[in-house]
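Undergrad: To start, I am sharing the structure in question, which I have written as structure tokens.
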Amino acid sequence: MVGHKMTDVASALRSGFLRAAPRDVALRTAHITARRTCGFTLTELLVSVGVLVVVVLLAMQLLNSAATVTTLGHKQMDADSQARQLLDRMAIDFAQMVKRSDVDYYLKSSAASPLRHVLQPGNDQIAFYSAVPGYYPTTGSQSPLSLVAYRVNSDSTTSAYNKMERMGKGLVWNAVSTTDTPVVFMPIPVASPLSVGDLPIPTPTPTPTPVQVSPAWPYAGNMTADASYEVMGPQVFRFEYYYLLTNGTFSDIPWDTSAGHFAVDGMQDVAAIVVDIAVIDPKSKVLLTDAQLATLTTSGNANFLADYSSGMTPGQLRAQWQNTVNGITSLPRPALSGIRFYERYLYLSPPTLLTP
């Protein structure tokens, strides 16, 4: 009996020990695990933060580069859109130009006196008749013609200062109105006095002089305000043009002197008018005052974008403008970087009607 009791006690002790052993093992395991997962070392934290900072800096540089590229792209598109809209409109007007030797044109010309001498330092102006719609008078029979003119407004007192304007003055038929001027024929000039070479043949008697014959629309050749003008290019601040003659040469005289001609005569010697414009996008323009922008268009100023001169080849004027802008140090560089230049050939439609 004693032997059995001892055996039972031993069995009970062994059973208790076996039941207690798993608890002890679990406590020891938890204690070891807690010691192993208490946190990161200082070195590990410094390395992690350093890597995070590098990643953030790289991401910021990528975002800044993307934003810069996007901004430049938008500025380029703004300038391109403005130039395309203006040049497309000019192409239509020039293609529909009335080419008759018995009507006048307001064009620049460097010809020597007594021939037509119309110098235009700085921004150019041009005026001509064109078969396009315009702003017609409220009364009178409307003709299919308009007087079309282009200019960059240089009047600092107006809201159109340093902006490209277009005039489309719809004309009435002759003899239908005593107040509205219709299409006028030679020897009545459009906007500037005639020269002897512009007079029709045979010359009227008595021969008219610039004093005797006043221009029909003098404001087509100056900065006088007129309701028919509208802002066509709010970001276009420089306008220059020259002529591609039918003999293949370029000139700032709208007739072929080598052929013995001495007057416009319905643009018979002009195959195309080459137009150069300077455009600044809206975001860059706000960085400049009107006075600062005017330094680029004022003849004699150190920042002046030069006029066309005889002997220049296609693209040379535009390249000269770009070189001038690249060398300017008196104006903000971010604003100057937003200036872009465009050149286009605007071909005229043949033929010319040569009247006696």
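The values are calculated or read from the model by the stated rules, or taken from the named source; none is laboratory data. Source: prediction; values computed, not measured. Reconstructed Cβ throughout: ideal geometry from the backbone, glycine too, with neighbour counts over all protein chains shown. Areas reflect the complete protein model, heavy atoms only, side chains present, ligands, DNA and RNA absent. Shrake-Rupley method; radii C 1.70, N 1.55, O 1.52, S 1.80 Å.
Undergrad: So Gly248 ticks every box in (1) outside any strand (DSSP E or B); (2) open to solvent by less than 10 Å² (accessible area, probe 1.4 Å) but one. Which box is left unticked?
TA: Here Gly248 meets the rest and fails (2).
Undergrad: Answer yes or no as to whether Ala263 is in a strand (DSSP E or B), among the small types (Gly, Ala, Ser), within 28 Å of Leu171 (Cα to Cα) and touching a Gly at 6+ places or on another chain (Cβ under 9 Å).
TA: Numbers: in a strand (DSSP E or B): no; among the small types (Gly, Ala, Ser): yes; within 28 Å of Leu171 (Cα to Cα): yes; touching a Gly at 6+ places or on another chain (Cβ under 9 Å): yes.
The answer is no for Ala263.
Undergrad: Mind listing whichever residues of the stretch 218-245 are part of a strand (DSSP E or B) and hydroxyl-bearing (Ser, Thr, Tyr)? Working first, answer last.
TA: Restricting attention to the stretch 218-245, the residues satisfying the condition of being part of a strand (DSSP E or B) are 229-233, 236-245.
Within the stretch 218-245, Tyr229, Tyr241, Tyr242, Tyr243 qualify.
One line per residue, one yes/no per condition, for (1) of a type in the set (Phe, Trp, Tyr); (2) exposed (fewer than 13 other Cβ atoms within 10 Å of the Cβ):
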residue	(1), (2)
Thr289	no, yes
Thr298	no, no
Tyr308	yes, no
Ser337	no, no
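Undergrad: Would you call Ile328 farther than 25 Å from Met97 by Cα and assigned to a loop (DSSP other than H, G, I, E, B)? Steps first, answer last, please.
TA: Values: farther than 25 Å from Met97 by Cα: yes; assigned to a loop (DSSP other than H, G, I, E, B): yes.
It is true that Ile328 is farther than 25 Å from Met97 by Cα and assigned to a loop (DSSP other than H, G, I, E, B).
Undergrad: Does the stretch 310-335 hold any residues that are closer than 18 Å to Ala278 by Cα and without any contact (Cβ under 8 Å) to a residue 12 or more places away in the chain, and which are they?
TA: Gln316, Ala319, Asn323, Asn326, Gly327, Arg333
Undergrad: I'd like the residue in the stretch 146-186 that is touching a residue at least 60 places away in the same chain (Cβ under 8 Å) and of a type in the set (Phe, Trp, Tyr) and, out of all such residues, is surrounded by the most Cβ atoms within 10 Å (Cβ to Cβ).
TA: Result: Tyr150.
Undergrad: Hey, another quick one. Might you let me know whether the stretch 197-215 holds any residue that is at pLDDT below 90, surrounded by fewer than 14 Cβ atoms within 10 Å (Cβ to Cβ), under 36 Å from the mean Cα position of the chain (by Cα) and assigned to a loop (DSSP other than H, G, I, E, B)? Don't jump to the end; show me each part of the working.
TA: Going through the stretch 197-215, the residues at pLDDT below 90 turn out to be 197-215.
Subset that is surrounded by fewer than 14 Cβ atoms within 10 Å (Cβ to Cβ): 201-207, 209-212, 214.
With under 36 Å from the mean Cα position of the chain (by Cα) added as a condition, the list becomes 214.
If we keep only those that are assigned to a loop (DSSP other than H, G, I, E, B) as well, we get 214.
Looking for residues that are at pLDDT below 90, surrounded by fewer than 14 Cβ atoms within 10 Å (Cβ to Cβ), under 36 Å from the mean Cα position of the chain (by Cα) and assigned to a loop (DSSP other than H, G, I, E, B), one finds at least one in the stretch 197-215, hence yes.
Undergrad: Now a separate question. Would you tally the residues in the stretch 58-95 being touching a residue at least 40 places away in the same chain (Cβ under 8 Å) and among the basic types (Lys, Arg)?
TA: Counting residues in the stretch 58-95 that are touching a residue at least 40 places away in the same chain (Cβ under 8 Å) and among the basic types (Lys, Arg) gives 2.
Undergrad: Identify, please: which residue in the stretch 79-107 is basic (Lys, Arg) and under 29 Å from Ser284 (Cβ atoms) and is, among those, least open to solvent (accessible area, probe 1.4 Å)? Quick ask: steps written out before the conclusion?
TA: Step one: of the stretch 79-107, the residues basic (Lys, Arg) are 84, 89, 99-100.
Next, from what is left, pick out any that are under 29 Å from Ser284 (Cβ atoms): 84, 89.
Details: Arg84: 128, Arg89: 68 Å².
Per the stated criteria, the residue is Arg89.
Undergrad: While we're on this one: From the list Asp276, Asp307, exactly one residue is in a loop (DSSP other than H, G, I, E, B) and either without any contact (Cβ under 8 Å) to a residue 12 or more places away in the chain or touching a strand residue (DSSP E or B) at 6+ places or on another chain (Cβ under 8 Å) (or both). Which is it? Steps first, answer last, please.
TA: Numbers: Asp276 fails: in a loop (DSSP other than H, G, I, E, B).
After ruling out the rest, the residue left standing is Asp307.
Undergrad: Of all residues in the stretch 89-116, which are more than 27 Å from His261 (Cβ to Cβ) and touching a Lys or Arg at 6+ places or on another chain (Cβ under 9 Å)? I'd like the intermediate steps shown before the answer.
TA: We begin by selecting, within the stretch 89-116, every residue more than 27 Å from His261 (Cβ to Cβ); these are 89, 92.
Selection gives Arg89 alone.
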